[in-house]
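Reading through the structure tokens given below for one structure.
The values are calculated or read from the model by the stated rules, or taken from the named source; none is laboratory data. Values in this document were obtained by computation on a predicted structure and should not be read as measured data. In this analysis, Cβ positions are derived from the backbone assuming ideal geometry, glycine residues included, and neighbour counts consider all displayed protein chains.
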């Protein structure tokens, strides 16, 4: 079981925390001009789908790079704080269990595919999408397949996301939340987590000499071969 008193960020988790916090501080230091970053580097579905009809000075070239750049931008301090908290806790858990490079790949794929799915479902929207939530959702997905405790927590999280997609009512949930991006990021995490478990089991089945944990394990995690629940 993961213990908070033993918390320490891994390399990738630390980079994600520092990068998101630094970008927000730089953006805030610009004052009103910093809000232009959201338009310039945020993900606008209509621009990605119909780029020839729009012109955004200073936007990345190719515009598809905003699938990544948008994940380091946040609308306000509360938005940033929530994502940093999830990254700090879940990122550390997952990185210790499956290794740094797997977390880096998982995060990148979850962010990109999460943004792409959001664009697909909202192709006419001109509202910029920002935030690391798709990557966070990927971490939640990995935790979900890590044990019964993770399955329960992930199931509750997934229920909220599905409700958000179905409801889309201002009086119930924030209509500006990119629920579809969360769901796609979560799916990436679940598939990635299952793939890692299969890989570790395959290596162990090949023999003791070839089986070696991918990273420092989290006690009780099925990812490190010790069995038990991932909490």
Within region 67-99, the residues that are touching a helix residue (DSSP H, G or I) at 6+ places or on another chain (Cβ under 7 Å), without any contact (Cβ under 8 Å) to a residue 60 or more places away in the chain, in a helix (DSSP H, G or I) and closer than 30 Å to residue 123 by Cβ are 67, 68, 69, 86
Among 8, 96, the single one that is more than 17 Å from residue 137 (Cα to Cα) and surrounded by fewer than 17 Cβ atoms within 10 Å (Cβ to Cβ) is 8
Considering residues that are at pLDDT below 90 and either on the phi > 0 side of the Ramachandran plot or part of a helix (DSSP H, G or I) (or both), the number found within region 8-30 is 0
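Can you tell which of 147, 231, 227 is surrounded by fewer than 23 Cβ atoms within 10 Å (Cβ to Cβ), modelled with pLDDT under 70 and under 15 Å from residue 93 (Cα atoms)? Lay out the reasoning, then the answer.
Values: 147 fails: modelled with pLDDT under 70; 227 fails: under 15 Å from residue 93 (Cα atoms).
Unique residue meeting the criteria: 231.
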Pairs returned, first residue in region 153-179 that is farther than 20 Å from residue 75 by Cβ, second residue that is modelled with pLDDT of 80 or more and part of a loop (DSSP other than H, G, I, E, B), beta-carbon separation under 9 angstrom, 6 or more apart or interchain, are 154/145; 154/146
- prompt: For region 37-45, does any single residue satisfy the condition of being more than 16 Å from residue 135 (Cβ to Cβ), surrounded by fewer than 15 Cβ atoms within 10 Å (Cβ to Cβ) and free of Cβ contacts under 8 Å to residues at least 60 places away in the same chain?
  reply: no
The lone condition residue 33 fails out of (1) part of a helix (DSSP H, G or I); (2) over 24 Å from residue 180 (Cβ atoms); (3) under 19 Å from the mean Cα position of the chain (by Cα) is (3)
Quick count over region 36-66, residues being part of a helix (DSSP H, G or I), under 25 Å from residue 85 (Cα atoms) and in contact with a helix residue (DSSP H, G or I) (Cβ under 7 Å, 6 or more places away or on another chain), is 3
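Report yes if some residue within region 118-131 is in a helix (DSSP H, G or I), out of contact with any strand residue (DSSP E or B) (no Cβ under 8 Å at 6 or more places or on another chain) and surrounded by fewer than 24 Cβ atoms within 10 Å (Cβ to Cβ); otherwise report no. Can you show your working first?
Applying the first criterion (in a helix (DSSP H, G or I)) to region 118-131 yields 118-121.
Subset that is out of contact with any strand residue (DSSP E or B) (no Cβ under 8 Å at 6 or more places or on another chain): 120-121.
Okay, now just the ones that are also surrounded by fewer than 24 Cβ atoms within 10 Å (Cβ to Cβ), so 120-121.
Among the residues of region 118-131, at least one is in a helix (DSSP H, G or I), out of contact with any strand residue (DSSP E or B) (no Cβ under 8 Å at 6 or more places or on another chain) and surrounded by fewer than 24 Cβ atoms within 10 Å (Cβ to Cβ), which makes the answer yes.
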I'd like to know if region 40-62 contains one or more residues that are over 18 Å from residue 179 (Cβ atoms) and within 16 Å of the chain's Cα centre (by Cα). no
- Query: Is it the case that some residue within region 138-150 is out of contact with any strand residue (DSSP E or B) (no Cβ under 9 Å at 6 or more places or on another chain), without any contact (Cβ under 8 Å) to a residue 60 or more places away in the chain and farther than 13 Å from residue 188 by Cα?
  - Reply: no
